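Take a look at the structure below.
The values are calculated or read from the model by the stated rules, or taken from the named source; none is laboratory data. In this text the structure is predicted, and so the values were computed from the model without any measurement. Heads up, the Cβs are rebuilt from the backbone with ideal geometry, glycines too, and the neighbour counts pull from every protein chain shown. The accessibility values were calculated without ligands, DNA or RNA, using every heavy atom of the protein model including side chains. Shrake-Rupley method; radii C 1.70, N 1.55, O 1.52, S 1.80 Å.
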Amino acid sequence: MPSYNHLEIEPKWQGRWDETGAGKTTGKSSDGKDPLYLLTMFPYPSGSGLHVGHVESYTAMDIVARKKRMEGHDVLFPIGFDAFGLPAENYAIKTGVHPAETTDKAIGNFRRQMKSLGLSFDWSRELSTADPAYYKWTQWMFLLFYKNDLAYRAKAPVNWCDGCVTVLANEQVIDGKCDRCSTVVVQKDLEQWFFRITKYADRLLAGIETVDWPERIKTMQKNWIGRSEGVEVEFRGLKGEMIGEPGAERVHEAEFSIPVFTTRIDTLFGVSYIVLAPEHPLVDALTTVENCEAVVAYRDQARKKSELERTQLEKDKAGVFTGTYAKHPLTGEEVPIWISDYVLVNYGTGAVMGVPAHDDRDYLFASKYSLPVHQVIAPPAGMPEHDFASAAYGDAGILVNSSTFDGLTSAEGKNMIATAVESAGKGKRVTNYHLRDWLVSRQRYWGAPIPMAWCETCGVQPVEPSALPVLLPRDVDFKPTGKSPLVDSVTFHDVVCPKCSGPARRESDTMDTFVDSSWYYLRYVDSTNAEVFAEPEALKQWCPVDLYVGGAEHAVMHLLYSRFFAYALHDLGYLDFEEPFLKLRNQGLILGPDGEKMSKSRGNVVNPDEVVEQYGADALRLYEMFMGPLEDAKPWDTSGIVGVRRFLDKVWMMRERVEGAEGRRFEGADRIVHKTIKKVSEDIDAMKFNTAISAMMICANALQTAETIPRGAYESFVKLLATFAPHLGEEIWHDLGNASSVFDEAWPTFDEAMLVDDLVAIAVQVNGKLRGTIQMDPSSNEKDVQDRAMATENVAKFLEGTEIVKVIYVPGRLINIVVK
RNA sequence: GGGCGAGUGGCGGAAUGGUAUACGCGCGGGACUCAAAAUCCCGUGUCCGCAAGGGCAUGAGGGUUCGAGUCCCUCCUCGCCCACCA
């Protein structure tokens, strides 16, 4: 069988590369070549091993890394493990096996699998976020943030997952469910640790425009930050007696003010009521005796609903009247104050003005409770009248029934009414964000402990940096109880106060694992440093990351948090850049052969180990790159591997027909190879690996027809292929008599002159329809081409009895004769 | 409801406004073989035709252009993201 033995050559070269440290940074670049930092998102070391999706992004970046090294760049291409996280802890709960053990084992397996793929990572920089030498710096950053008012503790309504028995960040709630276990998330009022990411909302928004990222991801981040400009306008005053629940402070007449946030201040004259979120702090004070029972009942019921239930009952706008009225800020008209859970307590001011005529939700609410609908916006001239009997009119238009503002456009009205409100001292222009501060504490074990202590006399105190790391104790009971398992570890728990040396207890929550991964790329540049998280010179040399590849599922979590870290560390003087990842590309999902997402339960998971065993790592790599564009979702097709393996065998067999250095030249071979060098070089830079492979296949098919292949042409071809199929490339390279590694060779260059063919096929069209092709010297002028074209039999047939109107000639490609 | 993508052979897919279907898979035929596998060669959008050649075809319909898969408009379908954000 004319085939190379991948089981033999692949381990052989992997061993050799390991010995020579083939992926290590060299510390030097060729003249004029910048050092490059190429990064793939580090994996969570799951027990089920490497996914073929990992293989795709790692291979893609490995190809780029190898090519860039051959071009003379010093390349940093590191790998590590995002090792903290729930799966290992949940496994421990079930089996009693310690997460550290599970994780170590999984990392070992990942490392083995990665090496079996011939990936040229710089293994000397490998890191694990669960390593105390790493999380010491995660804790250090927490303290840094704490001291600079970027980390704080606060009581707030937070997302709680009963499945994971911990709080979650907003970003980890997907469709009202836990991102990890899909349990419906409930709201709880808890005191937790937060990072002040909202402080950076505007800069994170502006910075996103400066990076080369997929438009889709940029949009998602912009939407998530969700900046909206509007007016916070106050509704004051009251009528009637007010009471609160027992113990609530009594509020006297005219003493309260309800600020509401609106982006449609132009509809201010259409307000017919105010709605507070059930959790709004003024609810107690504003509720009258006769409405008390209903309000309390409604609020209790709303509290029990999950976010999911609230949003799924979208159409049902229910609420309760508090019994109290507020005065319209400009007209003084009295409007009733309601509560309803369609208003969210944690957006804007937790209160809205109800304008049923011009807002769908308000319209539904007003319809249900027969509240008045005041039209204040008319459709612009030329647009049909709006029928308010069935729906709200939500678009911009012309102001009506709005006192002196009548006749203005919505845009003008917004501006002038905002000014009027401001000068009346009844409100101000504000900017609101959807982005919330990042909740980073977790009531779980397998994460970096938050380095704080609770002292009976001094309150909460940061651990001294010199005392870091705060180690995770091993002797804990993993059963989740809603408190961190660390609470029960006496050795961990009892400490002395860093300030007064009195008795204190250690903070028992751990950090969200997204904290670990928000700065890992900084550690790679100096991964063994015990004094600082990384030396400034090393950071300066490599950062920011030039190219980052990973899945799109991290669009608003990891990527937003990492950006926040970079901005914060920049402001605190540790980094000289703000944006951490200059260029980002997503790899698409690799689906199962059935076109569905791979999952154990579906039984459609492809195990890379088996493919490597059967077809070889090179074939696997090549196939994954050949499947289609990197960013597309693509179904796996095992028979497709057969095709790329055939191609590799073909190239392997060709080496037997390479002529000696003195042999006769075969012009055609050189020409096709030069074209291939150009195409493959451009395609790798554009990350169009599928078409690069296609070009190499075309080249191999052409070379195959030659009885002997010029050595130089073949060697150049092997250098190209080696980036995709490193083992085979190296094997052939040595088989040709070369002693050093093919990856020490310079990337092949092409000669422009070699790209020009003696003859080119020119399409001949008559009225845009193809009627023939002619072979011409590429330097032929238009007249020659036209003469030849018109002399062609089939073309002449279509020209017969017609008059030529004009002729369009695209040099070297096409001639179109337009006739009538 | 809002936003962003994408619809091309039997399948994965290719195509700076310029010969649509490259490359690969699959399929059909042939060579080699006692035979098979492997390998190699030829063919392979669809309809008409012995052929030469022609008609039609990139989700549907319109438009711009000498020329449209590509640009513009309307619509359909699918995917992803966000979503009671006031």
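Taking residue A:499, is it in contact with a helix residue (DSSP H, G or I) (Cβ under 8 Å, 6 or more places away or on another chain), farther than 18 Å from residue A:440 by Cβ and modelled with pLDDT under 90? So residue A:499 fails the test. Apart from one condition, residue A:761 fits all of (1) more than 10 Å from RNA strand B (Cβ to nearest atom); (2) within 17 Å of residue A:817 (Cα to Cα); (3) among the small types (Gly, Ala, Ser); (4) open to solvent by 40 Å² or more (accessible area, probe 1.4 Å); the exception is (1).
Take the residues of the stretch A:416-438 that are of a type outside the set (Val, Ile, Thr) and open to solvent by less than 10 Å² (accessible area, probe 1.4 Å): which is nearest to residue A:131 (Cα to Cα)? Steps first, please.
Taking the stretch A:416-438 as the starting set, the residues that turn out to be of a type outside the set (Val, Ile, Thr) are A:416, A:418, A:420, A:422-429, A:432-438.
Filter once more, keeping what is open to solvent by less than 10 Å² (accessible area, probe 1.4 Å): A:418, A:435, A:438.
On the way: A:418: 55, A:435: 31, A:438: 24 Å.
Within the stretch A:416-438, the match that is nearest to residue A:131 (Cα to Cα) is A:438.
Figure legend. Inter-residue proximity from the stretch A:745-769: first residues free of Cβ contacts under 8 Å to residues at least 40 places away in the same chain and part of a loop (DSSP other than H, G, I, E, B), second residues within 16 Å of RNA strand B (Cβ to nearest atom) and open to solvent by 70 Å² or more (accessible area, probe 1.4 Å), beta-carbon distance below 8 Å, spacing 6+ or different chains. Indicated pairs: A:758/A:777; A:759/A:775; A:759/A:777.
Within the stretch A:1-32, can you find the residues that are hydroxyl-bearing (Ser, Thr, Tyr) and over 25 Å from residue A:524 (Cβ atoms)?
Filtering the stretch A:1-32 down to residues hydroxyl-bearing (Ser, Thr, Tyr) leaves A:3-4, A:20, A:25-26, A:29-30.
Hits for the stretch A:1-32 are A:3, A:4.
Let's see how each residue does on (1) farther than 22 Å from residue A:67 by Cα; (2) surrounded by 21 or more Cβ atoms within 10 Å (Cβ to Cβ); (3) over 40 Å from the mean Cα position of the chain (by Cα):
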position: A:643; (1), (2), (3): yes, no, no
position: A:671; (1), (2), (3): no, no, yes
position: A:696; (1), (2), (3): no, yes, no
position: A:707; (1), (2), (3): yes, no, yes
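Every listed requirement among (1) buried (at least 22 other Cβ atoms within 10 Å of the Cβ); (2) away from RNA strand B (no atom under 15 Å from the Cβ); (3) closer than 28 Å to residue A:406 by Cβ is met by residue A:382 save one, (1). Within the stretch A:688-707, residues that are free of Cβ contacts under 8 Å to residues at least 12 places away in the same chain reach partners that are more than 10 Å from RNA strand B (Cβ to nearest atom) with beta carbons closer than 9 Å, at six or more positions or on different chains, in the pairs A:705/A:668. Residues in the stretch A:770-820 that are near RNA strand B (Cβ under 6 Å from one of its atoms) and outside any strand (DSSP E or B) were compared, and the one that is most open to solvent (accessible area, probe 1.4 Å) is A:813. Checking the stated criteria, residue A:76 turns out to be open to solvent by less than 10 Å² (accessible area, probe 1.4 Å), over 17 Å from residue A:558 (Cβ atoms) and touching a residue at least 24 places away in the same chain (Cβ under 8 Å). Do we have any residue at all in the stretch A:695-709 that's away from RNA strand B (no atom under 14 Å from the Cβ) and assigned to a helix (DSSP H, G or I)? There is no residue in the stretch A:695-709 that is away from RNA strand B (no atom under 14 Å from the Cβ) and assigned to a helix (DSSP H, G or I).
Taken over the stretch A:347-371, the criterion of being more than 8 Å from RNA strand B (Cβ to nearest atom), open to solvent by 20 Å² or more (accessible area, probe 1.4 Å) and not basic (Lys, Arg) is satisfied by A:363, A:367, A:369, A:370, A:371. Residues that are open to solvent by 20 Å² or more (accessible area, probe 1.4 Å) and modelled with pLDDT of 90 or more within the stretch A:195-213 comprise A:196, A:198, A:199, A:202, A:203, A:205, A:206, A:210, A:212, listed in sequence order.
Against the numbered list (1) touching a His at 6+ places or on another chain (Cβ under 6 Å); (2) in a loop (DSSP other than H, G, I, E, B), residue A:23 comes up short only at (1).
Apart from one condition, residue A:266 fits all of (1) at pLDDT 90 or above; (2) of a type in the set (Asp, Glu); (3) surrounded by fewer than 20 Cβ atoms within 10 Å (Cβ to Cβ); the exception is (3).
Regarding the stretch A:310-322, can at least one residue be identified that is within 14 Å of RNA strand B (Cβ to nearest atom) and within 12 Å of residue A:270 (Cα to Cα)? For the stretch A:310-322, residues within 14 Å of RNA strand B (Cβ to nearest atom) and within 12 Å of residue A:270 (Cα to Cα): absent. So which residues in the stretch A:709-758 are open to solvent by 20 Å² or more (accessible area, probe 1.4 Å) and among the hydroxyl-bearing types (Ser, Thr, Tyr)? Selection gives A:716, A:740, A:741, A:749.
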